[in-house]
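Step one of this worksheet: look at the structure below.
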Amino acid sequence: MQEVKPPKKPMIFFYLIVIIALFCINFLLMPAIAERQVKEVDYSKFMQMMEDKKIGSVNIESNQIIFTDKSEEHIYKTGTITDPDLVNRLYDSGAKFSSEIVKQSSPISNFLFGFLVPMLIFIALGQWLSKKMLAKMGGGMDSMKFGMGKSNAKVYVKSTSGIKFSDVAGEDEAKELLSELVDYLHNPEQYREIGASMPKGALLVGPPGTGKTLLAKAVAGEANVPFFSISGSEFVEMFVGMGAAKVRDLFKQANEKAPCIVFIDEIDAIGKKRNGQISGNDEREQTLNQLLTEMDGFDGSKGVVILAATNQPDSLDPALLRPGRFDRRIPVELPDLQGRIDILKVHAKKIKVGDNVDYAAVAKAAAGASGAELANIVNEAALRAVRDHRKFVTQADMEESVEIVIAGYQKKNRVLSNKEKLVVAYHEVGHALVAAKQTESAPVHKITIIPRTSGALGYTMQVEDGEHFLMTKEELENKIATFTGGRAAEELIFHQVTTGASNDIEQATKLAKAMITRYGMNEEFGMVAMETVTNQYLGGDTSMACSLETQTEIDKKVRDLVKQEHAKAYKILEDNVGKLHELAKYLYENETITGEEFMHILNTPAQIPQFEGEE
Ligand code: ADP
Ligand code: MG
Ligand code: ZN
């Protein structure tokens, strides 16, 4: 994919102008000014020159005397002094009386060099500068209002080096839907014969970093038609009304170039719900209205397809989503295990990789990572290989970089005291042991207790739940118990609590609340939604939708549920305290424990008690 730019006049042209201007000033103007400059001298010098008969012409005015030397090259002036005999003496010295001294040197040429030429140079410079600025603003001199109302959409044409669908791994449904659009633009007759009309617009929705922009670029790379790309925020300008003008201009261009594709990235910048209040954002609403009108206005059969991307679909104005505008919604979700493997492979093509790299294992470790994070993981691995002076990336690089991307770099200078390290070890093993005892399967991929730059003192890589879309009430409860397991282990072993559990507490509370308010898992409240999710793809914020009394009750239920699960976790750890000691000791000594090692220790009957247990 290549961006097409209008041919530019080479910069050297402008430099030439500047050089010529400087040349003019130096060689024409300066001497002219210098030559014509009238030098002020004192009266005695004038007398002296007169006595030496060195004066050429002289002109006596009422308050000054202007005179030249014999060669008439230099002009001098001096003040007058009452000296009645002066004219005679001058006459004797052979000076010519002339009233033309200054005139001859100044009138036209002075005006020319002192005023007109600098003026012209300034005008030329000003013109050149303003031209340059306008070019920067995205419009040429020919555009209306000096280019301000012009959309600065970039136009791309197909090129062999562009991004293709094959560069986007996973996301097969999205690719299928988009390739249909591309196919339509290439053979519209085939569709017209049946009478099918293509959707006018398609909206890519999904969390950040899942490849929405990448997919749109791939469409540009695959399609043989012009591709206009603009970001939603670019419509909103300093000047009121310019956004709407830009939308108009964009669609005008698109109509001229049809068939073509228009891509509006981050459309939520202009597509937010209009709230109908007077205090609303006028500029944005005007822009949105213009967009709605334009989308209605153009003929779908002409072959203009609008693509847009957003990660806040529920904030978009409903009018934008109705059929006839963005009637096709293409979900671009976080990749599953196979998707992650594919994405890793796509990005690994760009770097040198050793034979031992097991993409499946890396993908498993990076559960929940987005495409952008996976791309970052591969890059971090390559950087690590360079740091270690290796020529290729190994499995160890990959695994370390998963942790770097998810939990941050290892903090080399933060040294935990032995006591703290022990607490962290018990805490992390507490989580894992509670999880393992509830499900009878490996709960973790790996646990490390090396401090990370993200602030985590220990880090647990969960195994993925597999292809798992429904969760039962029991599973959710077990999850809460697992969250509380870390704190429970600290209480059981050290009889004290630390700040290390704050994140666990937050997550346990969130989950317990969701069970009651959204999943209908409390007998008393039943299937009533008391909370709505407002921002599905960006963190999933929720807002309560119930009376204050109900909220109080919910809070109490949440408390009870978490307490109950905490007690359960404590009981599990109490019953398995031998294994808890054994596992924590292993983790404390090795700083890392893998899922297999964990299960191995858990499933081999303990031989000799290694710690003074509490049994
Ligand atoms: P967003 O969905 O936020 O627009 P991008 O399309 O900008 O995300 O993705 C950011 C980067 O992540 C891409 O440049 C690419 O390197 C990587 N990436 C994301 N998804 C994928 C994917 N499915 N296949 C390959 N690379 C991907
Ligand atoms: Mg994007
Ligand atoms: Zn914890």
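We did not get these values from a lab; they are worked out from the coordinates using the rules stated. Since we're looking at a predicted model, the values are computed, not measured. With ideal geometry, Cβ positions are generated from the backbone for all residues, glycine too; neighbour counts draw on all protein chains shown.
What to note about this one:
- For segment 338-480: rounded, prolate or oblate by the Cα gyration tensor [a/c cutoff 1.5]: oblate
- Three-way shape label, segment 38-105, alpha-carbon gyration tensor, a/c 1.5: rounded
- Dividing the convex hull volume of the alpha carbon atoms of segment 337-407 by its residue count gives 70 Å³ per residue.
- Less than 5 angstrom separates the built amide H of L307 from those of A202, V262, F263, I264, all sequence-distant by 5 or more or on a different chain.
- Nitroxide proxy distance, nm - points 7 Å out along Cα→Cβ at T604 and E420: 3.2 nm
- H74-A124 pseudo-label distance in nm [points 7 Å out on the Cα-to-Cβ vector]: 3.4 nm
- Once the Cβ-Cβ distance of K391 and K345 is raised to the sixth power relative to R0 = 25 Å, the FRET efficiency obtained is 0.80.
- The simple Förster model, with R0 at 56 Å and r as the Cβ-Cβ distance, assigns A360 and D282 a FRET efficiency of 0.55.
- Extension reserve of the E333-D52 stretch, reckoned as 0.36 nm per residue once the Cα distance is removed: 91.1 nm
- Label sites at N503 and K302, each approximated as a point 7 angstrom past Cα along Cα to Cβ, lie 5.3 nm apart.
- Looking at segment 359-410, the trypsin sites (Lys or Arg not before Pro) that sit in a DSSP loop and have at most 10 other Cβ atoms within 10 Å of their own Cβ are K391.
- In Hz, Karplus ³J(HN,Hα) per residue of segment 567-572 (6.51, -1.76, 1.60; θ = phi - 60°; x = Gly, Pro): 4, 4, 4, 4, 5, 4
- Among the trypsin sites (Lys or Arg not before Pro) in segment 519-589, none is located in a DSSP loop while being surrounded by at most 11 other Cβ atoms within 10 Å of its own Cβ.
- Tensor-based shape of segment 460-540 (alpha-carbon gyration tensor, a/c under 1.5 rounded, otherwise prolate or oblate): prolate
- Selection of chymotrypsin sites (Phe, Trp or Tyr not before Pro), segment 211-261, meeting DSSP coil and at most 12 other Cβ within 10 Å: F239
- Interchain or long-range residues, amide H under 5 Å from Q462's placed H: H445
- Cross-link pairs beyond the 20 Å C-alpha cut-off, checked among K364/K391; K473/K563; K513/K556; K479/K510: K364/K391
- Length gained when the stretch Y409-D83 is fully extended (0.36 nm per residue, less Cα-Cα span): 108.0 nm
- Diffusion constant of segment 418-603 at 25 °C, which comes from Stokes-Einstein with the Kirkwood Cα-pair radius and 0.890 mPa s, µm²/s: 141 µm²/s
- FRET efficiency for the L16 to I108 pair, using the beta carbon distance and R₀ = 22 Å, is estimated at 0.15.
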